[in-house]
Amino acid sequence: MSNTSRVAIALGSNLGDREAHLAFAVRRLSAAFTGLHVSSSYETVPVGASGPQPLFLNAAAVGETTMTAAQTLEYLLNTEQQRGRERSRPGAARTLDLDLVLFGDAVIGEPSLTVPHPRFRDRLFVLEPLAEIAPDLRDPVTGATVHQLLARLQAAPPPRHR
C-alpha cells in the first residue's frame, strides 16, 4: 500500500482571465490529487506586491497524493509555467500562483522547499479559503487547526504603519 499525504495548496491569480487560470489549476490538481476539495474564490488585495497591481482571485484546495513533497512542488511549478507564469521579480503580478501550504504533518526546511509555507499563518487570503474546506487541518509546527489560526489572525489588531 502506498503512503499518501494530505496536501493543502493555495491558488491565486491577478493577471489576465483569473477565473480561467484558477479553473485550469483545479483541472490539473484534480488529475494529480485524489479526493480534491476546492474552496470558493475570494477576491483580495495584493499583499507584498511590488507596486500597484490588480486584485487577486484566491482559493484553496486539499487532496491526497502519493507524490513526495518535492514532486508535489515540481508539479505545482510546472502547472504555473503552463499558464504563462513569469518570475520577473518577487511580488510581481502573476497569471497563476500555486503554493504548497501543508504536506501532511511534514516539516521541511530546504533551500528550495519550505513546508509548512512560511507565511501562511499570517495570510487571510490563504486561511479563509482553507478554513472553508478544511477547518480541522492542523499546522504541524504550532499544533493549531486552520480554524484556530484564522480566528487568531482575525482577532489580531491590524498592523500599524508609520
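Quick look at the numbers
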quantity: Dimensions (Å) - the stretch 97-159, Cα atoms, principal axes, largest first; calculated: 32, 25, 22
quantity: Under 15 Å, Cβ to Cβ, from Leu36 - net charge with Lys/Arg +1 and Asp/Glu -1; calculated: +1
quantity: Accessible area in square angstrom per residue, the stretch 13-111, 1.4 angstrom probe; calculated: 51
quantity: Glu74 paired with Ser112, simple spin-label distance in nm, labels 7 Å along Cα-to-beta-carbon; calculated: 0.8
quantity: Cα gyration tensor shape for the stretch 1-42, rounded if a/c is under 1.5, else prolate or oblate; calculated: prolate
quantity: Cα-only radius of gyration and Dmax that characterise the stretch 72-128, units Å; calculated: 12.1, 32
quantity: Tail weight of P(r) past 19 Å, computed on alpha-carbon pairs of the stretch 14-101, percent; calculated: 38
quantity: Within the accessible area of the stretch 1-103 (1.4 Å probe), percent carbon and sulfur; calculated: 52
quantity: Farthest toward positive dipole pole in the stretch 94-162 [+1 Lys/Arg, -1 Asp/Glu at C-beta], among Phe125, Pro135, Leu100; calculated: Phe125
quantity: Most to least packed among 10-23, 112-125 [average Cβ atoms within 10 Å]; calculated: 10-23, 112-125
quantity: Whether the stretch 22-162 is rounded, prolate or oblate, judged on the alpha carbon gyration tensor where a/c under 1.5 counts as rounded; calculated: rounded
quantity: Net charge dipole size for the chain [Lys, Arg +1 and Asp, Glu -1 on Cβ; Debye, nearest 20]; calculated: 420
quantity: Efficiency of FRET from Cβ geometry, Leu124 and Ser30, R₀ 25 Å, rounded to 0.05; calculated: 0.45
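The values are calculated or read from the model by the stated rules, or taken from the named source; none is laboratory data. What you see is a predicted model, and the numbers here were worked out from it, not measured in a lab. Ideal geometry is used to build each Cβ from the backbone, glycine not excepted, and the neighbour counts take in all protein chains shown. Surface accessibility is based on the protein's heavy atoms, side chains included, excluding ligands, DNA and RNA. Shrake-Rupley method; radii C 1.70, N 1.55, O 1.52, S 1.80 Å.
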